[in-house]
């Protein structure tokens, strides 16, 4: 079973990395880029066979290790195979 | 218009960051984690109004700046609003 986790900065939290990407895109000639936010994407292979259980466990992993919940949001998607 | 870009390491490319996450999860007591791969997730706000055009432009941004296509794959999804 696979879990896909997206970790993104909360609204209002400054994102200097996104700002740097935005500036670089503009200086490369890509105009019309109004905003860039960079987050993390984590793929986990799990031994669990129950999707509900897996989702709960991965949420716990996010709370404990993967995300800094003071400044970051996370979403968990579970998929078969 | 929004673009969501996922940048992941190609199969076979070592992922020390994913390995570190995997080890940390195990030492925190989360068993059954068989593999972890970490990638990047980039959200772009674009001025474009045509989804096809936007997708082509974002793919070009990936080739030129966002992804290292020697070791990374990227996927682009375009969504309204």
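Taken together, the values in this text are just the output of simple stated rules run on the coordinates, not laboratory data. Keep in mind the model is a prediction, meaning the values are calculated, not measured. When we count neighbours, we look across all protein chains shown, and the Cβ atoms used for this are built from the backbone with ideal geometry, even at glycine.
Data for the structure
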| item | result |
| --- | --- |
| Residue satisfying all of: in segment A:14-25; surrounded by 13 or more Cβ atoms within 10 Å (Cβ to Cβ) and more than 20 Å from residue B:38 (Cβ to Cβ); farthest from the other protein chains (Cβ to nearest Cβ) among these | A:19 |
| Residue satisfying condition, being more than 7 Å from chain B (Cβ to nearest Cβ) and either surrounded by 14 or more Cβ atoms within 10 Å (Cβ to Cβ) or farther than 26 Å from residue B:57 by Cα (or both), within set A:70, A:36 | A:70 |
| Selected residue (only one of B:31, B:48 is more than 29 Å from residue A:62 (Cα to Cα), surrounded by fewer than 20 Cβ atoms within 10 Å (Cβ to Cβ) and within 10 Å of chain A (Cβ to nearest Cβ)) | B:48 |
| Count - residues of segment B:51-60 that are free of Cβ contacts under 8 Å to residues at least 24 places away in the same chain and within 11 Å of chain A (Cβ to nearest Cβ) | 3 |
| Where residue B:46 falls short, out of the listed (1) in contact (Cβ under 8 Å) with a residue 40 or more places away in the chain; (2) within 19 Å of residue A:2 (Cβ to Cβ); (3) in contact with a helix residue (DSSP H, G or I) (Cβ under 9 Å, 6 or more places away or on another chain) | (2) |
